[in-house]
Amino acid sequence: MITPPAAGASVPPPSPAFRAMAPRAHHFRGSLGRFATGVAIVTFDGVNKRHGITVNSFTSVSMDPPLVLVSIAKATKAHDELSERPFTVNILGAEQQALAIHFAGKPGQEPLWVEGQVAPRLSSVLAFFECSPWAAYPGGDHTLYLGEVVDFNYRNGDALAFANGRFTTIPDSQLGVENLL
Ligand SMILES: Cc1cc2nc3c(=O)[nH]c(=O)nc-3n(C[C@H](O)[C@H](O)[C@H](O)COP(=O)(O)O)c2cc1C
């Protein structure tokens, strides 16, 4: 997901590569949007408040050590505070679209929180990965935050998905074969 800068944020000058592709920026977004993803919320405790940010840039990175990655836009409130803090990646179930919207800048009803081992997490999610901070790499107008997984779990259920700029669902029966082995 490419995130537009927040209103009032100081924006660096566009790179030559961006200037060259700017007339096709809308097409670039549309092309990226053809990659269907799950939907997750990164949760963590900041200095003064608890944060949550909806992401679809979640990627598994490594089994040994167990590493996962999220790409966070520099323009978000979460960006600076996430640096060197433990966090949880909460993978959403099909019925949790309201949570995705809540943590994407349109707050609604306050969700139920669970105190995790190293970071707060959300109740009743499809899966979660609690992480200690591992590394942060520059990624243009985003930062790639890698976390080392210290606790995780999942439940059965349909998954929330995002494709072509819309929420959709993936039925449980198509989600891997762990229960059949
Ligand atoms: C489906 C979906 C996926 C998103 N994925 C990302 C992402 O991977 N990285 C990111 O920085 N923002 C992503 N966003 C945008 C943030 O959720 C949004 O900018 C949020 O309001 C930032 O919160 P904050 O400024 O309070 O930290 C996504 C939004 C949606 C709806």
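The values are calculated or read from the model by the stated rules, or taken from the named source; none is laboratory data. Remember, it's a predicted structure, so these values are computed and weren't measured experimentally. Here the Cβ is made from the backbone with ideal geometry for all residues, glycine too, and neighbour counts use every protein chain on show.
For residue 99, the test of being within 16 Å of residue 52 (Cβ to Cβ), within 13 Å of the ligand (Cβ to nearest atom) and not charged (D, E, K, R) is passed. Only one of the numbered conditions (1) touching a Pro at 6+ places or on another chain (Cβ under 6 Å); (2) part of a loop (DSSP other than H, G, I, E, B) is not met by residue 132, and that is (2). The condition of being modelled with pLDDT of 95 or more, outside any helix (DSSP H, G or I) and closer than 16 Å to residue 100 by Cβ holds for only one of 68, 61, 42, that being 42.
Of the residues 147, 140, 116, the single one that is over 14 Å from residue 66 (Cβ atoms) and buried (at least 17 other Cβ atoms within 10 Å of the Cβ) is 116. Screening residue 106 on (1) in a loop (DSSP other than H, G, I, E, B); (2) of a type in the set (D, E, K, R); (3) farther than 25 Å from residue 11 by Cβ shows it passes everything except condition (3). Which residue is farthest from residue 152 (Cα to Cα), if the candidates are limited to region 109-128 and must be part of a strand (DSSP E or B) and over 14 Å from the mean Cα position of the chain (by Cα)? Result: 113. Among all positions in region 131-142, there is at least one residue which is touching a residue at least 40 places away in the same chain (Cβ under 8 Å) and under 14 Å from the mean Cα position of the chain (by Cα). Residue 67 falls short on exactly one of the conditions (1) within 15 Å of the ligand (Cβ to nearest atom); (2) in contact with a Leu (Cβ under 8 Å, 6 or more places away or on another chain), and that condition is (1). For residue 25, the conditions (1) hydrophobic (A, V, I, L, M, F, W, C); (2) farther than 22 Å from residue 133 by Cα; (3) assigned to a strand (DSSP E or B) are fulfilled apart from (3). When you look at residue 127, is it modelled with pLDDT of 95 or more, of a type in the set (A, V, I, L, M) and in contact with an Asp or Glu (Cβ under 6 Å, 6 or more places away or on another chain), yes or no? No.
For the residues 39, 70, 55, the requirement of being closer than 20 Å to residue 162 by Cα, in contact with a helix residue (DSSP H, G or I) (Cβ under 6 Å, 6 or more places away or on another chain) and either surrounded by 13 or more Cβ atoms within 10 Å (Cβ to Cβ) or of a type in the set (Asp, Glu) (or both) singles out 39.
State which residue is farthest from residue 151 (Cα to Cα) when the search covers only region 26-64 and only residues that are among the aliphatic types (A, V, I, L, M) and more than 10 Å from the ligand (Cβ to nearest atom).
Across region 26-64, the extreme among qualifying residues is 32.
The residue that is farthest from the chain's Cα centre (by Cα), counting only those in region 80-96 that are buried (at least 21 other Cβ atoms within 10 Å of the Cβ) and within 10 Å of the ligand (Cβ to nearest atom), is 82.
When every residue of region 86-94 is checked against the conditions, at least one turns out to be within 23 Å of residue 168 (Cβ to Cβ), touching an Asp or Glu at 6+ places or on another chain (Cβ under 6 Å) and modelled with pLDDT of 95 or more.
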